[in-house]
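S.K.: Got a structure for you, written out below as structure tokens; questions coming shortly.
The values are calculated or read from the model by the stated rules, or taken from the named source; none is laboratory data. These numbers were taken from a predicted model, which means no experiment stands behind them. Using ideal geometry, Cβ is built from the backbone for each residue, glycine included, and neighbour counts are taken over all protein chains shown.
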Amino acid sequence: MTREKVSELAAGSGFSNWGYFDPGELRLKKEVRAMCASDRCRHYGKSWSCPPYCGTLEELGARLGTFGQGIVLQTTGEIEDSFDYEGMMEAERLHKEKMEAIHSLTSDEKCLALSSGPCMLCDGCTCPDRPCRMPDKMMYSMEAYGLIVSEVCDLAGVPYRYGENTVTFTGCLLY
């Protein structure tokens, strides 16, 4: 897949900003996975896309090593103020929809989509009692891979923040 094709898909999926990076420059950090283990988001051990079930950093690093290019994909939404929880959740929902759309458009290619937060394709994850219902569509979070999102944005030359009264959700596609 070419950069031109990926840019076309990003624009067509409605992302507000994107930038390219070399997956070989990604640094997976144990400290990020330690934050996952603290279970602040309440998904640790409850989602196939989250630690500990998503794989070890070594396994995930080996998987990342199979991709030659990456693109950061962002959705920025306007919010009333820093307490506008509904506005934030709406921006996150839109971002996940866009990530699902671009992931489905690239399903014939060898791609890996990483989004924000846990996979939300199903109403309730079957983890850990039954296998994932949609393993080919599941999206891992960037944090599950041990990535610091702001560092990946820096690699891609895109801002991490877009100013007051905005919220930005970030994902990436490796191909």
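S.K.: Just give me the residues in the range 142-175 being out of contact with any strand residue (DSSP E or B) (no Cβ under 8 Å at 6 or more places or on another chain), without any contact (Cβ under 8 Å) to a residue 40 or more places away in the chain and outside any loop (DSSP other than H, G, I, E, B), in sequence order.
M.R.: Of everything in the range 142-175, those that are out of contact with any strand residue (DSSP E or B) (no Cβ under 8 Å at 6 or more places or on another chain), without any contact (Cβ under 8 Å) to a residue 40 or more places away in the chain and outside any loop (DSSP other than H, G, I, E, B) turn out to be Ser150, Asp154.
S.K.: Same structure, new question: Answer yes or no: is there a residue in the range 74-82 that is more than 30 Å from Glu8 (Cβ to Cβ) and not charged (D, E, K, R).
M.R.: yes
S.K.: Going through the range 1-58 one residue at a time, which ones are under 17 Å from Leu105 (Cβ atoms), touching an Asp or Glu at 6+ places or on another chain (Cβ under 9 Å) and of a type in the set (A, V, I, L, M)?
M.R.: Met1
S.K.: State which residue is nearest to the chain's Cα centre (by Cα) when the search covers only the range 69-93 and only residues that are among the hydroxyl-bearing types (Ser, Thr, Tyr) and not in a helix (DSSP H, G or I).
M.R.: Thr75
S.K.: Further question on the same structure: May I ask you to verify whether Met142 is within 21 Å of Phe67 (Cβ to Cβ), crowded, with 19+ Cβ neighbours inside 10 Å and in contact with a helix residue (DSSP H, G or I) (Cβ under 7 Å, 6 or more places away or on another chain)?
M.R.: Yes, satisfied.
S.K.: What do you reckon, is Gly171 closer than 19 Å to Gly61 by Cα and at pLDDT 95 or above?
M.R.: yes
S.K.: Which of the residues belonging to the range 132-174 are within 10 Å of the chain's Cα centre (by Cα) and hydroxyl-bearing (Ser, Thr, Tyr)?
M.R.: Tyr140, Ser141, Tyr145, Thr170 - these are the residues of the range 132-174 that are within 10 Å of the chain's Cα centre (by Cα) and hydroxyl-bearing (Ser, Thr, Tyr).
Residues are listed down the side, and each one gets a yes or a no for (1) among the aromatic types (Phe, Trp, Tyr); (2) at pLDDT 95 or above; (3) out of contact with any helix residue (DSSP H, G or I) (no Cβ under 9 Å at 6 or more places or on another chain); (4) under 18 Å from Asp22 (Cβ atoms):
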| site | (1), (2), (3), (4) |
| --- | --- |
| Thr76 | no, yes, no, no |
| Ala91 | no, yes, yes, no |
| Ser104 | no, no, yes, no |
| Ser107 | no, no, yes, no |
| Ala113 | no, no, no, yes |
| Met120 | no, no, no, no |
| Lys137 | no, no, no, no |
| Glu151 | no, yes, yes, yes |
| Leu155 | no, yes, no, yes |
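S.K.: Let me ask something else. Consider the range 23-68. How many of its residues are touching a strand residue (DSSP E or B) at 6+ places or on another chain (Cβ under 8 Å) and either farther than 15 Å from Leu147 by Cβ or in a loop (DSSP other than H, G, I, E, B) (or both)?
M.R.: 5
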